[in-house]
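This report refers to the structure that appears directly beneath it.
What follows draws every value from the coordinates through simple rules; no lab data is involved. Everything numeric here is computed off the predicted structure, so don't read it as measured data. Reconstructed Cβ throughout: ideal geometry from the backbone, glycine too, with neighbour counts over all protein chains shown.
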Amino acid sequence: MAGADPSPNAAPAPTGAPAPRAAPSRVECDVLVVGGGMAGAVAALAARESGGRVVLARRAPGASGLWGGAISVAPDPAALPTTPWAAHAGVVESARRVAATVPGHPYDVLRDRLDRLWNAIEFATGQLSGILAPPTGRNRWLLTPFGRAHPAATCLHSMAAGDLAEVRGVLAVVAPRGHLWWDAGLVAAGAVRARSLGAPEVRLVPLDLFMWEEAALARPFDLARMLEAPGAAEDVGAMLRERLPRHAAAAVFPPVLGLDPAARVPERIAAAAGVPVAEFLSDLPSVPGLRMLRALDARLAEAGVELMAGEVREAQGPGAPARIGGREVVARSWVLATGRFVGGGIARRGRLVETVLGLPVLASEGVFAEAGAHLAARPPGALTGRDSRAAQPLLAAGLRVDADMHPLDAEGRVLHERLHAAGAVVGGHDQASDGTGMGVAMFTGWLAGRAAAGGKGT
Amino acid sequence: MTTRFGALSYLAWRALGAHPWKRAVRGGTGTQRFLAAYGSEGLDPTTAEDRAAAEAASACISCGLCEAGCPLAGVAPSIRDLGLHAAFRLYAKGAPELRHAAEGLDACARCAGCEPLCPTGVPISRLVRYFQGKAAERRRLEAAGPTPDGPRT
C-alpha cells in the first residue's frame, strides 16, 4: 500500500540540487477519482471499502448539485402511457429492458453484470442513508414541478411520503400564496393526468406561506433557511391542519423544506399538521441538489476519502504524476468521473473532446450506436436532430467503455488496464432525460471504484 | 445595361467622392463616429476582451448553485430578486441590458465564495469585476449620449 509518505505535506526527497522553490508536495495513493458528483463519490466510497488510500479531486460540485431529488435508475421502457403503475416492471427488470432496447446504453454494455445493479444501488443509497430513503425494488412515482409523475428507484427521505402509488386517500398539494416560484396547479396536474394509472385524488390547498415581505422574492435557498427557524415549520403545520381536505392522506410542498435535513422541517410540519408531509421534485436552483452535495461531502470525509480541490493538470493517467491544485498526485489506478457537458468531462472545442486525458469520444445513441466513433469527429452542431424525441447523438456523447469500465479507443481496445470511467462521462445514453442518469452513475461508479481498488497485482 | 451602368457609377461616386468627402468634413476616428451613430442603441464595438468575457459568461447555466455561497444573495434585494447569474444572462442578451444588473453587480462584496461552487467553472469574481466596469462605462455613455434613445430619423 502506498502509505510510504506519512505526511501529505512532506516535500519530495532532496536530490542534491538546491531545493526548488515552492516544491509541490507529492501524494501517492492507490486510487485517484477525478470528479466529485454522484459517480465519483460512489467510486471513491467503493474503492475505500478495500482500505486503500483514495483521493478524490474535483474542480467544483458536479452536475449532481443540479439534482432534483429523485434517484432515477430505470423507467420501464415496455410500459405504455396507459399501463397502470402496478403493472410496470421492477427497477432491475426495467434496467434489463432498457439494455435490450437501447443499443450502446451503459446498461447494454453491462448487460451481463446487471444482476449486480441492485448491489450497487443498495451500496450507494446505504452510504447516503442519512438523506435517501431505502429503495424498495419498484419505482416510486414522484410529482415534478412541470406537471408529470416521474419514476425513481428512491428519493430523498423528505419526498418518500409523496409517492403517488402509495398515497391512500386524498393528496393535498400546497400552493404557497406568497410566492410565484412554483405553479401548484401544474404540479397537481401531474397526478390528475395519472389518475387512471394509480395516482390518488389531489386537492390544491392554498396556504398563506411566504407572505412576509422578505420572502416574497426570496430565492429557494433562503426560503429553505427561513423554514428552519424555530417555530416556522410548526406554524406552517398548524396552518396546513386548518385547511386540510377531508380524507387527506399526505401533503406535498415545494422542495424548500429546510436546507439541512437535521433541522427536520418536513417532520416538524407533519407533526403539527397530523399528516405525512413530502416535497415534490425540484427545479433549479435546487435545494435537494445542495443537500445532496453536502451529504456526499460529509460521507466522503467520514469514510476517509481525501478531498482535493482543483483542476487536474498535466495528467497522463495511472502511475504518472498529475498536478492538482499545486500538489503532485501519483495514483496506481484512476477513475474518471468528470461528467459530461455540465461537469466538463466532455467539451465542445470545434469537435468533441475528453478534457482530462484527451481520450477518444463516442457520439451516438440508440440506432446510431455503430456510427459513434465517426460521428464524434463531426462538428458538434451536426450531431443534433430536429425531432426532440428522436435520438440526439450529441447528448449521448462520451467515452466508450467495456464491462470492466475501461475506456476504449476507436477500435475497441482497452486504453489502460488501470484507468476506469464512471458516470456521465461514459457515453451511449442521454443521462439528463432518459430516466437512468443516477442509476448509471451509481452502478458504473460502484463497478469502477471496485475495479480500481482491486487487482493490485496488475 | 443602362441600369447596371447607373448602379455602378453611383457606387463609384459613393466610394470615391461622397464618402471621402464626408469623412474629411466630419472628422473623428472611425470608432468615435461608430459610437456617435450606434452607441445609444447599445451596439458598442466589441473588443477581443469583450468576446472572451462573453464566452466565459456563456458557460453559466443559471443553476443558481453560486447563490448558496453568496452572503449577499439573501440580503441585497437586487441579487435576491434576479439572482447573481442574471448578470451573465442579461449580458448574453446584449451590453445595454447590463444596466438592469448593475445594482446587483455593485452589491458584490468580492468575497469570491461563489466561485468554487460553479459546476461549469465560470470565473465569477473576475467577470463581476469586468461587468462592473462595463456597466459604469455604459452609464457614462448614456449620460453623454449624442442622441436620445428612440426611433432614429
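Taking the Cα atoms only, what angle lies between the long axis of helix A:91-101 and the longest principal axis of chain A, rounded to 10 degrees?
Helix A:91-101 sits roughly 60 degrees off the main axis of chain A.
What's the extension gain from A:V192 to A:A86 if we count 0.36 nm per residue and subtract their Cα-Cα distance?
Taking A:V192 through A:A86 to full extension adds about 36.5 nm, to one decimal.
Would you work out the charge dipole size for the range A:163-279 about its Cα centre, treating the Cβ of every Lys and Arg as +1 and the Cβ of every Asp and Glu as -1, and quote it to the nearest 20 debye?
Rounded to the nearest 20 debye, it is 460 debye.
Roughly how crowded by other chains is peptide A:79-90, in terms of the mean Cβ count from those chains within 10 Å of each of its Cβ atoms?
Working: counts 0, 0, 0, 0, 0, 0, 0, 0, 0, 0, 0, 0.
That works out to 0 on average.
Could you give the longest part of chain A that holds none of the GluC sites (Glu not before Pro) found in DSSP loops with at most 11 neighbouring Cβ atoms within 10 Å? It would help to have the intermediate numbers written out before the result.
Values: sites that count: A:E314, A:E411.
By the stated rule (loop sites, at most 11 other Cβ atoms within 10 Å), A:1-313.
Within 14 Å, Cβ to Cβ, of A:A271, how many net charges do the neighbouring residues add up to if Lys/Arg are +1 and Asp/Glu are -1?
0
Per DSSP helix of 4 or more residues, -39500 (n - 2.57); summed, then divided by the residues of chain A. What does that give at 222 nm, rounded to the nearest 500?
Mean residue ellipticity at 222 nm (helix-derived): -7500 deg cm²/dmol.
Would you work out the Kirkwood radius for the range A:369-440? I mean one over the mean of 1/r across all pairs of different Cα atoms, in Å.
After inverting the mean inverse Cα-Cα distance, the result is 13.1 Å.
State, to one decimal in nm², a quarter of the convex hull surface area for the C-alpha atoms of the range A:152-267, i.e. the direction-averaged projected area.
About 7.2 nm², averaged over all directions.
To the nearest 10 degrees, how steeply does helix A:117-127 sit against the main Cα axis of chain A, on a 0 to 90 scale?
80
Among B:20-26, A:424-430, B:43-49, how do they line up by average Cβ neighbours within 10 Å per residue, starting with the highest?
A:424-430, B:43-49, B:20-26
Select from the range A:152-259 those trypsin sites (Lys or Arg not before Pro) which occupy a DSSP coil region and have at most 15 other Cβ atoms within 10 Å, ordered by residue number. Working shown, then result.
Values: sites: A:R168, A:R177, A:R193, A:R195, A:R203, A:R225, A:R241, A:R243, A:R246; in loops: A:R168, A:R177, A:R246.
Qualifying residues, ordered by number: A:R168, A:R177, A:R246.
Between 0 and 90 degrees, rounded to the nearest ten: what's the tilt of helix A:232-243 against the longest Cα principal axis of chain A?
40
Do any trypsin sites (Lys or Arg not before Pro) in the range B:109-142 lie in a DSSP loop with no more than 12 other beta carbon atoms within 10 Å, and if so, which?
For trypsin sites (Lys or Arg not before Pro) across the range B:109-142 that sit outside H, G, I, E and B with at most 12 neighbouring Cβ atoms in 10 Å, the list reads B:R110.
With each pseudo-label sitting 7 Å past Cα toward Cβ, what's the A:A301-B:Q32 distance in nm, one decimal?
It works out to 6.0 nm between the two label points.
Calculate the translational D of the protein assembly as shown in whole µm² s⁻¹ from Stokes-Einstein, where the hydrodynamic radius comes from the Kirkwood formula applied to all Cα pairs, the temperature is 4 °C and the viscosity 1.567 mPa s. Mind showing how you got there, number by number?
Details: Rh = 26.8 Å.
Diffusion coefficient, whole number: 48 µm²/s.
I'm a student and want to see the number: the projected area of the Cα convex hull of the range B:1-81, averaged over all directions, in nm².
Mean projected area for the range B:1-81: 10.7 nm², to one decimal.
Ignore the peptide's own chain and count Cβ atoms of other chains within 10 Å of each Cβ in A:337-346; give me the average, rounded.
2
For A:60-66, what's the mean count of beta carbons from other chains sitting within 10 Å of each residue's beta carbon?
The shielding value for this peptide is 5.
Under 20 Å from a point placed 7 Å out from the Cα of A:L204 along the Cα-to-Cβ direction: which residues of the range A:254-287 have their backbone N that close?
From the range A:254-287, the list is A:254-256, A:278-283.
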